[in-house]
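Report on one structure; see the data block that follows.
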Amino acid sequence: MAALEIRPYAPQDLDALRRIGEEILADGSVFPFESLQGVLDHWLAPGLHTFVACLDGEVLGSYELGPNRPDRGSHVANAGYMVAQSARGRGVGQAMGEHSLELARSLGYRAMQFNQVVSTNLSAVRLWQRIGFRIVGEVPEAFRHPSLGLVSVYVMYREL
Ligand SMILES: CC(C)(COP(=O)(O)OP(=O)(O)OC[C@H]1O[C@@H](n2cnc3c(N)ncnc32)[C@H](O)[C@@H]1OP(=O)(O)O)[C@@H](O)C(=O)NCCC(=O)NCCS
């Protein structure tokens, strides 16, 4: 996807972020949040690096990146990603994933860890594996899936 631009989030992107967040909340099967405010508070928290992926000026996706844990855990990055439903399966997620790995490296992080990849979220699991993450742990029944009930989550990790 040659013309995809990944740039820092700006206040004018808020509406697009809200729309994408609403879609993911309506689905309910991948993020723990149950309110849009919860998503936005997390995504735009002070100290995080938030980026958007745009094609022809339209925001198709976003990611946020920051330390996984404070202080003695802060050399490991954590990140979250979301892509508009209508834009999925075109490489936007992979482009943001690769961009975030480069950003994490440039910020001096040693590794990246995802704490809660819902095990039934196969497109995410496959995507993270494709860009070098491995499943280092599985936490049973850690996510209340709206239709499947209690499902496990993966901890996924890669060195940088
Ligand atoms: C997970 C998520 C970020 C992936 O974003 P995406 O833009 O669809 O990701 P990609 O397009 O890079 O990859 C998705 C699929 O499209 C395929 N694909 C990528 N580019 C393609 C292209 N040009 N043509 C055809 N298929 C393509 C990939 O091979 C992949 O296939 P797979 O799922 O069968 O392995 C997105 O589904 C999402 O926002 N989900 C909800 C939020 C979420 O789950 N976030 C992550 C939580 S851990």
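Multiply the residue gap between ALA111 and GLU5 by 0.36 nm, knock off their C-alpha separation, and tell me the result in nm, one decimal place.
Details: separation 106, 0.36 × 106 = 38.16 nm, distance 2.46 nm.
So the extension gain works out to 35.7 nm.
Check which residues have an amide H placed less than 5 Å from SER152's amide H, if you skip close sequence neighbours.
Those lying under 5 Å, H to H, from SER152 are SER119, GLU141, ALA142.
Please compute the contact order of the range 5-159 in relative form: average sequence separation of alpha-carbon pairs under 8 Å and at least six residues apart, divided by the residue count, as a percent. Present the calculation step by step, with values, prior to reporting the outcome.
Working: 261 pairs, mean separation 29.1, N = 155.
Relative contact order of the range 5-159: 19 percent.
With the chain treated as a Gaussian network of Cα nodes joined by springs under 10 Å, which of LEU148, LEU44, LEU55 yields the largest mean-square fluctuation?
Evaluated over the chain, the most mobile residue of the options is LEU148.
Name the shape class, rounded, prolate or oblate, that the alpha-carbon gyration tensor gives for the range 11-90, where a ≥ b ≥ c are the square roots of its eigenvalues, rounded holds for a/c under 1.5, and otherwise prolate holds if a/b is larger than b/c and oblate otherwise.
Details: a/c = 1.85, a/b = 1.50, b/c = 1.23.
The shape class here is prolate.
In a GNM of the chain with a 10 Å cut-off on Cα contacts, which of ARG144, ARG90, ARG19 has the highest mean-square fluctuation?
Of the options given, ARG90 has the highest mean-square fluctuation.
Evaluate the distance, in nm, between pseudo-label points positioned 7 Å from the Cα of ASP27 and of ASP71 along their respective Cα→Cβ axes.
About 3.8 nm, to one decimal.
I want to verify a result. In a Gaussian network model of the chain, Cα cutoff 10 Å, which of these has the top mean-square fluctuation: VAL139, VAL83, VAL30?
Its mean-square fluctuation being the largest, the pick is VAL139.
Based on alpha-carbon positions alone, could you give the equivalent ellipsoid semi-axes of the range 76-160 from the gyration tensor, as √(5λ), descending, whole Å?
Gyration-tensor ellipsoid for the range 76-160: 22, 17, 9 Å.
Per the Kirkwood treatment, what hydrodynamic radius in Å, one decimal, follows for the chain from the mean inverse distance over all distinct Cα pairs? Spell out each step's value before the answer.
Details: mean 1/r = 0.0625 Å⁻¹.
Averaging 1/r across every pair of different Cα atoms and inverting gives 16.0 Å.
Would you order ASP13, ASP56, ASP27 from fewest to most other beta-carbon atoms within 10 Å of each residue's own beta-carbon? Don't skip to the answer; put the middle values down first.
Values: ASP13 19, ASP56 8, ASP27 11.
Arranged by neighbour count, lowest to highest, ASP13, ASP56, ASP27 become ASP56, ASP27, ASP13.
Each reported figure results from applying straightforward, stated rules to the coordinates on display, with no laboratory input. The structure presented is a predicted model; accordingly, all values stated were derived computationally and were not measured. Cβ coordinates were reconstructed from backbone atoms using ideal geometry, including for glycine residues, and neighbour counts include every protein chain displayed.
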